[in-house]
Every structure is written in C-alpha cells, then in structure tokens.
Amino acid sequence: MFTLKDFQEEAVRHLYNGLRQYNPFWRVQGGHPTKDEKTCVLQLKVITGGGKTPIMAKFLGSLPVEPGAIVLWTTPLSFVVKQTFINLLGKYNTLLSHADVYEASNLSDDIKTDIIEKNEGLDIIVATTGLWNRGDKESLKLTKATQDGGDSFWVLLKNMRRRPLIIVYDEGHNASVAQLDRLGELNPSAYLIASASPLPDQLKPWPIEPIHIPAKRIVDHGLLKTTLEIGDYRHNWETRIEIALEKLKHLEERLVNSNINPKIIYVVEDSKERPYQIMDALIRLGVSPSTIVLATKKSKTAILPRGVLYAETLEDMEGKHYKHIIFNKRLQEGWDDPEVYLAYIDQDTNSTNRITQIIGRVLRQPMGNHFDNEILNTAFFVLNCLNGNYEKIISDVQTYLEREGVVNIKVVKPKEEPIKVPAKEYKRLPSLRLTIEKRLNDIKNATKEIPIPGGMPKEWCSSEGKAVVQKVATGDGCLIGPIEEQQFGQSIRITLMDAVREALDERNPQIWPQIDTEWLSEKEWKQSFSRGSRAEKEAHERAVNRLIPIYDNCVDIEIEKFKFPIPIVGDIELRPVNKVFFNNALHEWYSALNNDEIEAANAIESTGFPWVRNQVRMSSFSIPLPSPSEDGSRHFYPDFLVWLPNGWLLALEVKGKHLLNDSLKSKLLGLPTGIKVGMVSKERGYYYRKVTGEITSSQDPNIHTSVIKLITETNSLPKLKNNIKIYP
C-alpha cells in the first residue's frame, strides 16, 4: 500500500481546504458552478521528484462520494499520460479510494454515457491535449459525435453531467490560450494545475490558491539528491560526451554492489541529425548499442545499429537494460527514473524554465534514501550551450534551486581541462562512402527470388499460435504446476515485406534501404503468412542466405569526389595528461597513448614523414563499414594516418580491431587506389594487402618493425598519377 510522506499529506489538506474555500460543501447544482460560485484554481507548486501525482491522487480520492466528481486529467505529453494512467491504476490506486480510471483513447460510447449519467463517485479520464484540442473537432476522440450521430462526449460533459467537473492539468505551464479557452467551454468547478512554473495569463482572472512545497523538505526525506554539480565544460560536444561517460563509469564503480543501474540522458534540440550523431559518437566511444535508447522523432532514412532501441512509448523502454537515453521534448517533463544521474544538454537555449525541467529528470534519488558517499547523492549536469550563454544559465539555475532550497550547488570545471593544440600544418582528408550502384542488378535479381506466399502451398502459410504458461498462486507467490506450452488458433500474421525487412535488419540494417520495393509488386509485398510458418522460414532463409552474401560482395568503398565542408586535419582539443612530444606529427604533442601506440608512433616518427594521431571524431578520417562490427560500430577509425612521398595515404590501426570479421578486414584492406590500411598488433602481427590483391601477414610481435615494413611497402607503390584524386 502506497503511503504519503508528511509534507505530501500536508499538501493534500491544503488542496482540499482551498477547494472548500470556494465551494464550501462541494455541492453544486447539476454538476455546474452556481451563479454565486467561482471557478476555483488550485496550483500545486512542487519541484520535480516531490510526488505531485500521488498528492493529486490522494486529494481526488479524499473528495466525498456524493456528489463525487468527473476528473479530466490532461497534459500535452503522451509519455506523461501513459505513465500517469499506469500509476493511477497501479501503485497509486489505493490513494484514489472509490475512483474508476479510464484512458480517453479507449473510452467506449457505453462508458461515456455511464460517466455522464452517474450522480456520485469519482471517474478519472486521462487524456493528452491532442484528443480534444486540435482544430478538427469532428475527428477527435472526446469531441466527435457518437456512432449513432448523437452529441459528442464533450457536449454531454458540458451540458448533461450530474457531477462537478475538475480539470487536472499536469505540467500546466504548457497550457496555451486556445487550450484554456476550449477547457473553459466545459464550465468546470475547479482547475488543479500542477506546475512549479508561472501559470498562463489566461488563468489570472480567477482566484488562485497556490500550494507550495519547499524542495528542502523533499530532499530531507531522501526523495531528491542533495547536490547538483553543473559542469561548465567549454569544449566541443564530443569531448563533453567523453567527460559525461567518465563520470558514469566513476558512478558505476561505486554502485557495483548495489541494485542501481546509473543512467545518463542526452537532451537535444534538433531531432533530425543530432540524436544520430550522438548515438554514433557513443558507439565510437565503446558504448554497447543495446544500452542506447532513441526517444526522438524517427528519421525515415536513418539506419539504427542492431541493438539500439527506438522508443515511441514508455512501454517500449520497460524491462530493457538501457543506460543512455537520447531525447528532445518527448521526455523533458513527467518521466520518472531515479537511476538517471547525469544529463548532457546539447542545445541553444536561454530558457531557464526548460533547463530546470530537465534537471528534474536527474534530481530524483534512487531507492528514496541518501548514501554515506556524497557522490552517490549528486546529480551531474554537463552543459553544451551553443550560444555561449553559460554564465546567465548557471546563474538562473542557481537562483532557482537556491530559492527551492536544494542543499548544495556546485559549478565545476575539470582540473585537467582539454586544451587547444594547434595544427602545425593543415592537411586535407579523403572522404569515403559505400556504394552498390555497379552491381545493383545482382541484388535486384536476388530479391525477385524470394518466395511469394501466393506461390506456396496453402498449408505452408499458416501456423498455430503458441504460448508458454506458468501458474502462480496469488497468496504466497508459489509456482503451481509445470511450465506448459499451449496452442491456440492461428498465430499472428506478417507481410512478406515485414518478414524480409526483419530478417535483414537482424543481420545488417544497412541492406534494406538499398532495396527498391518496386522490384516486387505492392500486391506481392503485402501478401502475408503466419508467424512461425514454413513460409516465413523460407522467406527468412532466402533473404539471409542470398541477399546478405550478395550485398557483401556488391558493396564497395569508394572515394567521395565532392564533400562539403572539405574534411581537414586542423586544431584539436586534448587533455594535457601524459603528453608525448613529436617533431614530424601535425601537432606538437598527443596524450592518452598506450604503450603499443607509443611504439607505433615512434616508428612512424623515425621515417620523417608527416603523420597524425587520428581522433575518434565526426570530423576525423573514417572508413564506412559495409556491415556493423561486433560492437555495433558503423565506421572504422584507424589510429594513425601517414602521408607518403608517393602521394599515398597509409592508415595504421595498432589494436588490430579484433571485433572486425574477416570479410570486413578484407574490405578495409582493399580500399581505392591512393589509400592503404595496415593493421598491427603484438598478438597477431600485421595484415596488409598488396597491389596484386594478395593479403600478406606476419606474426612478428615487434610493433616498431611491423610499422616500418608497412610504411616501406606502401611508399614503394607507384606514385599516384595526376588524374587520380583522393581528396574532395
């Protein structure tokens, strides 16, 4: 049974007393305010994490059964609505006492009629504003006419209800004038606005009863973290992400013996490109794709690496072991996860209100208890404001949180801050891309060979549905009987197009976008069969066994002739830790090199040729992979680049990238004329492809010797002719 903290119970009493002040006995005629009665506006001002939903639930549950009330609980955020509905039915249900809770999108005409005609009890309808506020009233769930042409639920709610109407507007600072005008049509008895932010001007003519809960009381009860660390890191966005990941690793080490899985959120303004850039950067930095969630508007062209979750609803995220959540406004408000410790904000904003809403996603304390180690009671905030408006935003946030009474606020600058290392010389970089244009017909022909359900025996296309069932006693939770497999009717059906797409995406999500759906007719693509049927297996095997090998053979890596902006090696940012100085490198020094990389760098340096330590950055040199590597990476970033006198560019990889399979290594070793890749490691020697096509290898554990051999071999190649261009 869910119980409220003392400050939450106090807030409930204030809300109820505020309502009775304007409506002494909660008695109204026909469910409408009387002429002498004023519409009451209650504002619950509580910082995120203070428990506004259970407070409002207990307030509504404490209303008298007679006359009870109809409650329209609304917010513009679909994520919030779904979570609210689940919580009101679940953990907060005991607070509601006699209430029935409905999701507006699932209201039947019979339930609507019952709600209107009842003269007692509490009915709560949870709805997004989109179900009643868009311009096309005739098509909306709450404002369209009934199936038999009767008045809409909205009209009945306005004219025929027998109980008072309360409008609960969660995150009420988002309310627009148009929304409040539409709600005003219902002539409600009361508004309950949950927001710590100023209310819209439209509500100001009514008397407002604010109920404010100081944040310090929430912190003292262990519901919020005690400290907010605002990182003022004035570097490029990729460096800041590295800083955030280091903090996450630091937290994981201290929480290793707990049941807490610390998470980090990445808040973006642009939902078109930036989420995917951040996702790629995380994977480049070693984050497992299966721990990444994208909760932004889905791109029609973007290809998600295998394992990355695209979340349209909260249910998509439930039960998943995710750590990295990338979103724009979708999760900005109302989403609860106390395990979120860090927030990276990547946006150009002057809105302190928006910043404080995002801070609310990080301030909740896991398990509702403070730890002895203060780091585990700290929320970390990494800013990356594109307009350089740090001081104002930090000052405003400090003012807001100090006013709310949060215990400690720190503005942090790293002790070893990355510094700019200027390039001695600027050099252009090649730009590479994948192409299958030369052998597109091979893929087209293989696609046409996929078996069509209409050409298969009928029995191949059907399959019985199956379920695994385990009975559990409700009293003591003990298992009753063995696990059983039950069969029922037909399994759900799937179209040929979806079956082929699923089969390909499971192995290599880069293939399906290359397939022209016009290679088969729309009628053929839409033919369906049952899940688990022989037809599905045939389509799956043909797609995997034929299309994937053909794609691997057809795809080529080619030089992109036109690229803007032109990629160059320029100034970089590095942390001044364990610096190693070089004379022939394009930068005076590099840091964070391991012993093998230092040995390779010294070998390159000894040749006197210009070279660079290649960074894992979007602007660096990378090779697109025809299929994702085992760690989900879609680009290969070699460790070093060497510019040779014969015009060739040698890309050296010291670690050997053992996560690359033989097929990918073969592709990398066979790049277009002018670019060579060599792989070196103590365990496996080196790999290199000669001009003849022969792949040579050596088991020599001496990295210095292997690097010199690779440079000598590449420099002995014929000098590039003038008509061969490797730079855009």
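The values are calculated or read from the model by the stated rules, or taken from the named source; none is laboratory data. Everything numeric here is computed off the predicted structure, so don't read it as measured data. Cβ placement follows ideal geometry from the backbone for every residue including glycine, while neighbour counts extend to all protein chains displayed.
Scan the strands (runs of 3 or more DSSP E) fully inside the stretch 452-542 and keep the ones with 3 or more residues being modelled with pLDDT of 75 or more.
493-495, 528-530
Considering the stretch 581-619 alone, what residues qualify as being touching a strand residue (DSSP E or B) at 6+ places or on another chain (Cβ under 7 Å), part of a helix (DSSP H, G or I) and touching a residue at least 60 places away in the same chain (Cβ under 8 Å)?
Matches in the stretch 581-619: Ala600, Ile604.
If you check every pair at least six apart or on different chains, which have Cβ atoms under 8 Å apart with a residue in the stretch 432-450 that is modelled with pLDDT of 80 or more first and a residue that is small (Gly, Ala, Ser) second?
Pairs that qualify, where the first residue is modelled with pLDDT of 80 or more and the partner is small (Gly, Ala, Ser), are Leu432/Ser622.
Condition first: among the polar types (S, T, N, Q) and at pLDDT 80 or above. Now tell me which residues in the stretch 227-244 satisfy that.
Listed by number, the residues that qualify are Thr227, Thr239.
For residues in the stretch 542-556 being under 31 Å from the mean Cα position of the chain (by Cα) and buried (at least 19 other Cβ atoms within 10 Å of the Cβ), which is farthest from Pro626 (Cα to Cα)?
Ala543
Can you work out which of the residues in the stretch 185-226 that are in a helix (DSSP H, G or I) and in contact with a strand residue (DSSP E or B) (Cβ under 6 Å, 6 or more places away or on another chain) is modelled with the lowest pLDDT?
Per the stated criteria, the residue is Leu203.
Here are the criteria: (1) out of contact with any Pro (no Cβ under 9 Å at 6 or more places or on another chain); (2) farther than 12 Å from Thr378 by Cα. Tell me which single one Thr227 does not satisfy.
(2)
Of the numbered conditions (1) closer than 19 Å to Glu339 by Cβ; (2) in contact with an Asp or Glu (Cβ under 9 Å, 6 or more places away or on another chain); (3) without any contact (Cβ under 8 Å) to a residue 40 or more places away in the chain, Val267 fails exactly one; give the number of that condition.
(3)
How about the stretch 1-58: which of its residues are polar (S, T, N, Q) and at pLDDT 75 or above?
Those that are polar (S, T, N, Q) and at pLDDT 75 or above: Thr3, Gln8, Asn17, Thr39, Gln43, Thr53.
Can you tell me which residues in the stretch 48-85 are of a type in the set (Lys, Arg) and either under 10 Å from Asp170 (Cα atoms) or within 29 Å of the chain's Cα centre (by Cα) (or both)?
Correct list: Lys52, Lys82.
Looking only at the stretch 148-166, decide whether some residue is buried (at least 19 other Cβ atoms within 10 Å of the Cβ) and either at pLDDT below 80 or not assigned by TED's automatic domain parsing to the domain that holds Thr53 (or both).
No, the stretch 148-166 contains no residue that is buried (at least 19 other Cβ atoms within 10 Å of the Cβ) and either at pLDDT below 80 or not assigned by TED's automatic domain parsing to the domain that holds Thr53 (or both).
In the stretch 279-296, what residues are hydrophobic (A, V, I, L, M, F, W, C) and within 16 Å of Glu246 (Cβ to Cβ)?
Once the filter is applied, which keeps residues that are hydrophobic (A, V, I, L, M, F, W, C) and within 16 Å of Glu246 (Cβ to Cβ), the stretch 279-296 yields Ala281, Leu282, Leu285, Val287.
Considering (1) assigned by TED's automatic domain parsing to the domain that holds Ser633; (2) out of contact with any His (no Cβ under 6 Å at 6 or more places or on another chain); (3) surrounded by fewer than 17 Cβ atoms within 10 Å (Cβ to Cβ), say which one Glu573 fails and leave the rest.
Going through (1) assigned by TED's automatic domain parsing to the domain that holds Ser633; (2) out of contact with any His (no Cβ under 6 Å at 6 or more places or on another chain); (3) surrounded by fewer than 17 Cβ atoms within 10 Å (Cβ to Cβ) one by one, Glu573 breaks only (2).
Identify the residue in the stretch 246-261 that is in a helix (DSSP H, G or I) and either touching a helix residue (DSSP H, G or I) at 6+ places or on another chain (Cβ under 9 Å) or in contact (Cβ under 8 Å) with a residue 40 or more places away in the chain (or both) and, among all such residues, is nearest to Lys323 (Cα to Cα).
The extreme case among them is Leu248.
Report whether or not Thr94 is in contact (Cβ under 8 Å) with a residue 24 or more places away in the chain, more than 22 Å from Gly172 (Cα to Cα) and among the hydroxyl-bearing types (Ser, Thr, Tyr).
The answer is yes for Thr94.
Taking the residues in the stretch 557-580 that are in a strand (DSSP E or B) and modelled with pLDDT of 90 or more as candidates, determine which candidate is nearest to the chain's Cα centre (by Cα).
My answer is Val569.
A quick yes/no check of all residues on (1) at pLDDT below 80; (2) part of a loop (DSSP other than H, G, I, E, B); (3) surrounded by fewer than 18 Cβ atoms within 10 Å (Cβ to Cβ):
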| residue | (1), (2), (3) |
| --- | --- |
| Leu652 | no, no, no |
| Leu660 | yes, yes, no |
| Ser666 | yes, no, yes |
| Leu671 | no, yes, no |
| Lys676 | no, no, no |
| Glu683 | yes, yes, yes |
| Lys719 | no, yes, yes |
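Give, as residue ranges, the helices (runs of 4 or more DSSP H) completely inside the stretch 45-125 that count at least 3 residues that are touching a strand residue (DSSP E or B) at 6+ places or on another chain (Cβ under 7 Å), crowded, with 17+ Cβ neighbours inside 10 Å and outside the structural domain of Asn187 (by TED's automatic domain parsing).
Qualifying helices (runs of 4 or more DSSP H): none found.
Select, from Ile111, Ile47, Ile70, the only residue that is among the β-branched types (Val, Ile, Thr) and without any contact (Cβ under 8 Å) to a residue 40 or more places away in the chain.
Ile111
Can you tell me how many residues within the stretch 361-391 are at pLDDT 75 or above and in a helix (DSSP H, G or I)?
Counting residues in the stretch 361-391 that are at pLDDT 75 or above and in a helix (DSSP H, G or I) gives 10.
Enumerate the pairs (first residue in the stretch 177-191 and under 19 Å from Gly18 (Cα atoms) and surrounded by 14 or more Cβ atoms within 10 Å (Cβ to Cβ); second residue anywhere and hydroxyl-bearing (Ser, Thr, Tyr) and at pLDDT 85 or above) with beta-carbon separation below 9 Å, excluding pairs fewer than 6 apart on the same chain, so at least 6 apart or on different chains.
Matching pairs, first to second residue: Tyr191/Tyr169.
Just a yes or no: is a residue in the stretch 549-556 within 24 Å of Lys725 (Cα to Cα) and part of a helix (DSSP H, G or I)?
Checked the stretch 549-556: at least one residue is within 24 Å of Lys725 (Cα to Cα) and part of a helix (DSSP H, G or I).
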